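The structure under discussion appears below in the form of structure tokens.
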Amino acid sequence: MLQADKKICTDIDTEGCHGAASAPIYQTSLFTFNTFRDFTEAQKKERERYVYTRGVNPTVNLLENKLAALERGEQCKCFGSGMGAVSSIFLSLLNSNDHVLFVNNIYGPTTELMEVLQNFNISCDYVSHDVEQIEASIQPNTKLIYAESPGTMLMKVVDLKKTAEIAKKHNITTVIDNTWSTPLFQKPLRLGFDLSLHSLTKYIGGHSDVIGGAVIGRADLVDRIFKYGFQLGGSVLSPHDAFLILRGLRTLPVRLAQHQANVLKIIDYLQTKKAVKQIYHPKLWQNPAIARQMLGYTGLISFELKDTSFETLTKFIDSLVLFKIGVSWGGFESLVTSPQKEGNEEQLKAAGLPSGLIRLSIGLEGDELQISDLEKAFSTIS
Ligand SMILES: Cc1ncc(COP(=O)(O)O)c(C=O)c1O
């Protein structure tokens, strides 16, 4: 983790705010003006001046500036959710007859959104994390290469530099969902990606109490996304939620260091379990891109049970006490989930996921408590 990033996360510039120690919350929908001329001048620059919070707002702006600085991007726009960021990118950058190439396992709702876009004559293909497949899958109308790395089910890693080089050669815009790593552990824009997006709901917010999203990258692209996807799509991050995310950001460096320490212990532990067929985490991959592009590991990890029956999976999950059953990840509390449902093995296969897969979000309770909870659950199935 870079020292400069720790400073960006923790500093709050409250000049002119009476020395406030935390970010002021501008909980206002609109901003007023002394003269009508001032108002009309501000309206001409709605993406820079404070006019309406479905535009720019000082609290949200503070967060946007920090995220842009952390990701080394020219500009950032925040949204009311990660999906708000994803849909705004598609709405702003795609036209009918365009083609999107998805790389690696992609977050389910993103692929569902793509199904809707097919009604508007936008097509897509999916390729694995293997970079060799990318160039071969590019179509004359490929407009966007959209990657997730690491993916958030099997945690496979895409070579981001090579992907960006291929895209540049074919004049294709590149987007990465960088939620798994956060900008502290991966900076895809420095490797040639045009845009990086985040679900701020996960590690950046960090406390499972807020939903938000962000897009960071080339100023011309973010400006277009701001104008179309954000202002017209309307997925606004509330100033109060921006405050909560700024508060989360202050502890992101220490939280990530702890998530990493805990997950490494959990990997060592899972490696001793006979009931486990395979563990999925970037720490375990022999992929040379990892050393080039990742600065650390977060706590989202999966493993596959040898016994893939739904009954065994259910027994294991229901035996956990510390790990709560639930969606999402990246917060204080350890969570467990699985993509498996009774009788959906074929669907899982089609999505490239094995049966018996369990995903853990390793929280901050401490590795001893986490391991003892897992140990009890393993004892029920062996
Ligand atoms: C990898 C990834 N991207 C995007 C999203 C969407 O974010 P949100 O739930 O904030 O809309 C999620 C949510 O789980 C996610 O896991």
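Say we look at region 173-204 and pick out the residues that are small (Gly, Ala, Ser) and open to solvent by 10 Å² or more (accessible area, probe 1.4 Å); which of these is nearest to the ligand (Cβ to nearest atom)? Before the answer, list the steps.
Restricting attention to region 173-204, the residues satisfying the condition of being small (Gly, Ala, Ser) are 181, 192, 196, 199.
Now restrict to residues that are open to solvent by 10 Å² or more (accessible area, probe 1.4 Å): 192, 199.
Values: Gly192: 21, Ser199: 3 Å.
Here the residue is Ser199.
Which residue is surrounded by the most Cβ atoms within 10 Å (Cβ to Cβ), if the candidates are limited to region 25-54 and must be of a type in the set (Ser, Thr, Tyr) and assigned to a loop (DSSP other than H, G, I, E, B)? It would help to see each step written out before you state the result.
Restricting attention to region 25-54, the residues satisfying the condition of being of a type in the set (Ser, Thr, Tyr) are 26, 28-29, 32, 35, 40, 50, 52-53.
This time we only want the ones that are assigned to a loop (DSSP other than H, G, I, E, B), so: 26, 28-29, 32, 35, 50, 53.
On the way: Tyr26: 18, Thr28: 14, Ser29: 11, Thr32: 9, Thr35: 8, Tyr50: 18, Thr53: 20.
For region 25-54, the residue satisfying everything is Thr53.
Given (1) without any contact (Cβ under 8 Å) to a residue 60 or more places away in the chain; (2) of a type in the set (A, V, I, L, M); (3) within 16 Å of the ligand (Cβ to nearest atom), where does Val56 come up short, assuming only one miss?
Answer for Val56: the failing condition is (3).
Going by the structure shown, is Gly248 closer than 19 Å to Tyr146 by Cα, in a helix (DSSP H, G or I) and more than 11 Å from the ligand (Cβ to nearest atom)?
no
If I ask for residues that are within 16 Å of the ligand (Cβ to nearest atom) and either in a helix (DSSP H, G or I) or over 19 Å from Gln278 (Cα atoms) (or both), which ones from region 145-172 would you list? It would help to see each step written out before you state the result.
Taking region 145-172 first, the residues within 16 Å of the ligand (Cβ to nearest atom) are 146-158, 160.
If the condition is that a residue be within 16 Å of the ligand (Cβ to nearest atom) and either in a helix (DSSP H, G or I) or over 19 Å from Gln278 (Cα atoms) (or both), then Tyr146, Ala147, Glu148, Ser149, Val158, Leu160 are the ones that fit.
Could you list, in sequence order, all residues of region 319-347 that are touching a Leu at 6+ places or on another chain (Cβ under 8 Å) and either part of a helix (DSSP H, G or I) or open to solvent by less than 30 Å² (accessible area, probe 1.4 Å) (or both)?
Of everything in region 319-347, those that are touching a Leu at 6+ places or on another chain (Cβ under 8 Å) and either part of a helix (DSSP H, G or I) or open to solvent by less than 30 Å² (accessible area, probe 1.4 Å) (or both) turn out to be Leu320, Phe323, Gly326, Trp329, Gly330, Ser334, Leu335, Val336, Ser338, Pro339, Gln340.
Tell me which residues, restricted to region 8-45, are in contact with a strand residue (DSSP E or B) (Cβ under 7 Å, 6 or more places away or on another chain) and closer than 17 Å to Val222 by Cβ.
Within region 8-45, no residue meets the criteria.
In the list Thr32, Thr110, which residue meets the criterion of being away from the ligand (no atom under 16 Å from the Cβ) and in the same structural domain as Ile138 (by TED's automatic domain parsing)?
Values: Thr110 fails: away from the ligand (no atom under 16 Å from the Cβ).
None of the others qualify; the one that does is Thr32.
The values are calculated or read from the model by the stated rules, or taken from the named source; none is laboratory data. Because the structure is predicted, anything quoted here is derived from the model rather than measured. Glycine gets a Cβ as well: all are built from the backbone with ideal geometry, and neighbour counts include every protein chain shown. Heavy atoms of the whole protein, side chains included, go into the accessibility calculation; ligands, DNA and RNA do not. Shrake-Rupley method; radii C 1.70, N 1.55, O 1.52, S 1.80 Å.
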